[in-house]
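The values are calculated or read from the model by the stated rules, or taken from the named source; none is laboratory data. Everything numeric here is computed off the predicted structure, so don't read it as measured data. Heads up, the Cβs are rebuilt from the backbone with ideal geometry, glycines too, and the neighbour counts pull from every protein chain shown.
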Amino acid sequence: MAELYKQIYQELKNAILTEKYPAESFLPSETALASDHSCSRDTIRKALLALEAEGYIQKQRGRGSQVLQHKLRTFPLNGLTSYQEIKKIQNLDTQTVVKKFEIISVDEQLHKLTGFTLDSAVYHIVRVRIINGLTSIIDIDYLDVGLIPGLTSTIASQSLYAYIENELNLQIGYSEKQITCPRLSSQDRELMPDLPKEENRVIQVESSSYLADTTLFQHTLSKHRPDQFKFEEFARRQSY
């Protein structure tokens, strides 16, 4: 059985993530928490220290433990990192649901969108990412069937990149990305039903990904709810 302070830490963390204690509010006092959990204040302090170390609260002298803004999750733009890798790094509580998995032929419209050869076969995969109970990302992927054989819906629910690199032994090279803020489509609203009604746009990261030999293997439309994410880029000034 986990130590009591770890149980209390997890309970408070869940209460923060579900907004029982929203950002800028204060947690109950150490005395009140100790009474609620029938434990010492030292045990409560250990739980609070763990929350503070992970950026969920900030101790305010004379005021208590204030909840910090926690909803925005950082997605790097200057790297080529899979969702599963980000999930592991940021310790996200997530679930991936595959809504569509099919093989289709590239028509003129899809050719213009993705750059894949006309009439070639591609996987069309639609997945939703549920983070802390909220549908937060819609991923729409097109992958070259000839380059990525044997892909299944089960693999798509886990990690495409792990399969490509570890099972097919292909080396992923680089990705070109652009960010836009399009209006919600009817499909977006259907797949993201818990998005606030007043929200009418998504943050869309469109990317074309290439193998190390520069062959295009994937085109992705990743749609993020605006109230859940921030994106980071590292920029260095160039000499001209």
Inset, instruction - For segment 53-62, state whether one or more residues are part of a helix (DSSP H, G or I) and at pLDDT below 85. - result: yes
Inset, instruction - Might you check whether a residue that is in a loop (DSSP other than H, G, I, E, B), in contact with a strand residue (DSSP E or B) (Cβ under 6 Å, 6 or more places away or on another chain) and of a type in the set (Gly, Ala, Ser) occurs anywhere in segment 9-24? - result: yes
Inset, instruction - Return the pairs, sorted by first residue and then second, in which the second residue is part of a helix (DSSP H, G or I) and modelled with pLDDT of 90 or more, the first residue lies in segment 3-22 and is of a type outside the set (A, V, I, L, M, F, W, C), the beta carbons are less than 7 Å apart, and the residues are 6+ apart or on different chains. - result: 5/43; 5/46; 5/47; 9/47
Inset, instruction - Any chance you could count how many residues in segment 152-172 are in a loop (DSSP other than H, G, I, E, B) and in contact (Cβ under 8 Å) with a residue 24 or more places away in the chain? - result: 6
Inset, instruction - Check segment 158-172 and report whether any residue there is in the same structural domain as residue 219 (by TED's automatic domain parsing), surrounded by 15 or more Cβ atoms within 10 Å (Cβ to Cβ) and within 29 Å of residue 14 (Cβ to Cβ). - result: yes
Inset, instruction - Please verify whether segment 173-191 includes one or more residues that are aliphatic (A, V, I, L, M), part of a loop (DSSP other than H, G, I, E, B), at pLDDT 90 or above and assigned by TED's automatic domain parsing to the domain that holds residue 98. - result: yes
